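A quick write-up on the structure given underneath.
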Amino acid sequence: MILGALESEKLRQAMDFRVYLPPCYAEHLDRRYPVLVLIHGQSYTDDQWDRLGADETAERLILSGEIVPFLIVMPRDRLWEQPKDDPFGEVLVNELMPLIDRTYRTIPHRSQRAIGGLSRGAGWAVHIGLLHWQLFGAIGAHSLAVFESDAPKIEQWLDQIPPEAYPRIFLDIGDRDRPPILQSAIWFEQLLTRKRIPHEWYLYSGYHQESYWQAHVEQYIRWYAAPWSEAEFDIIEP
């Protein structure tokens, strides 16, 4: 795991982030790789997905040949404000992702990028993934807490995406999650259903806690990686 920190004029403190590189990264210098961005939940830091075993799970599946190699980027959000008062999303899109593309051998194409998160991080994944659909081809929202300021805008954001460019969407939540968060996730799922936007929806047994997410990490990793293939490793242009 590589630790980094991004200084930005828009942030009071540097944005800490972690990067997982697949086991073959140093061996195949002519290869480029897909990128998965995973955002932690409120009151946690960039180490959450690391502690939940996202990188170990990806490595095990990569080494077994069940999924193709890819990078995982885990950025830290230090504020707990609505997006208009928290520049995290803007810095992630405009500064962190370009830094990742400059530093590592990534495939700069939306079909080879996914974004996901837990709780508040899932809210960020929906916010960023819909507003910047040209950058991300998949959105994973685990125990989704939609931002209050986003709720009135999400339908319009969906309408602005060409139907042929809808991102892949994965939603899951525990049936005993906190009522406001459970209602938030159900609201978003029902909106997608009403608009006939393809998505995957899972209501599992569980609470709003790390043991729930950890139990599903392998499913998440498999889903993100599912459309990526070895044949696309030589894609250079977006």
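The values are calculated or read from the model by the stated rules, or taken from the named source; none is laboratory data. Fair warning: this is a prediction, and the values are worked out from it, not measured in the lab. Here Cβ is always computed from backbone atoms with ideal geometry, including for glycine, and neighbour counts include all displayed protein chains. The accessibility values were calculated without ligands, DNA or RNA, using every heavy atom of the protein model including side chains. Shrake-Rupley method; radii C 1.70, N 1.55, O 1.52, S 1.80 Å.
Considering (1) at positive phi; (2) in contact (Cβ under 8 Å) with a residue 24 or more places away in the chain, the lone condition that residue 114 does not fulfil carries the number (1).
Of all residues in the range 137-160, those satisfying the criterion of being in a loop (DSSP other than H, G, I, E, B) and small (Gly, Ala, Ser) are 137, 143, 145, 149, 151. Restricting the first member to the range 199-228 and to residues that are polar (S, T, N, Q), and the second to residues that are modelled with pLDDT of 95 or more and not in a helix (DSSP H, G or I), the beta-carbon pairs closer than 7 Å and six or more apart or on different chains are 205/174; 205/175; 214/52; 214/53. Considering only residues of the range 18-46 that are touching an Asp or Glu at 6+ places or on another chain (Cβ under 9 Å) and open to solvent by 20 Å² or more (accessible area, probe 1.4 Å), which is farthest from residue 75 (Cα to Cα)? This residue is 30. One residue stands out in the range 161-186 among those that are assigned to a helix (DSSP H, G or I) and over 20 Å from the mean Cα position of the chain (by Cα): the one that is surrounded by the fewest Cβ atoms within 10 Å (Cβ to Cβ), namely 164. The condition (being closer than 23 Å to residue 210 by Cβ, of a type in the set (A, V, I, L, M) and assigned to a loop (DSSP other than H, G, I, E, B)) is satisfied by just one residue among 29, 79, 11: 79.
Within this structure, residue 76 fails the test of being buried (at least 19 other Cβ atoms within 10 Å of the Cβ), touching a residue at least 40 places away in the same chain (Cβ under 8 Å) and more than 13 Å from the chain's Cα centre (by Cα). For the range 91-122, filtering for residues that are among the charged types (D, E, K, R), in a helix (DSSP H, G or I) and surrounded by fewer than 17 Cβ atoms within 10 Å (Cβ to Cβ) leaves 2. Taking the numbered list (1) over 30 Å from residue 149 (Cα atoms); (2) surrounded by fewer than 20 Cβ atoms within 10 Å (Cβ to Cβ) in turn, residue 50 passes all entries but (1).
Can you find a residue that is in contact with a helix residue (DSSP H, G or I) (Cβ under 6 Å, 6 or more places away or on another chain) and at pLDDT 95 or above anywhere in the range 88-96? Scanning the range 88-96, I find at least one residue that is in contact with a helix residue (DSSP H, G or I) (Cβ under 6 Å, 6 or more places away or on another chain) and at pLDDT 95 or above, so the answer is yes.
Here residue 149 passes the criteria (1) touching a helix residue (DSSP H, G or I) at 6+ places or on another chain (Cβ under 9 Å); (2) within 17 Å of residue 44 (Cβ to Cβ); (3) touching a residue at least 60 places away in the same chain (Cβ under 8 Å) except the one numbered (2).
Filtering the range 1-52 to residues that are in contact with a strand residue (DSSP E or B) (Cβ under 8 Å, 6 or more places away or on another chain) and among the basic types (Lys, Arg) leaves 18, 32. The residues in the range 53-73 that are open to solvent by 50 Å² or more (accessible area, probe 1.4 Å) and touching a residue at least 60 places away in the same chain (Cβ under 8 Å) can be counted, and the count is 1.
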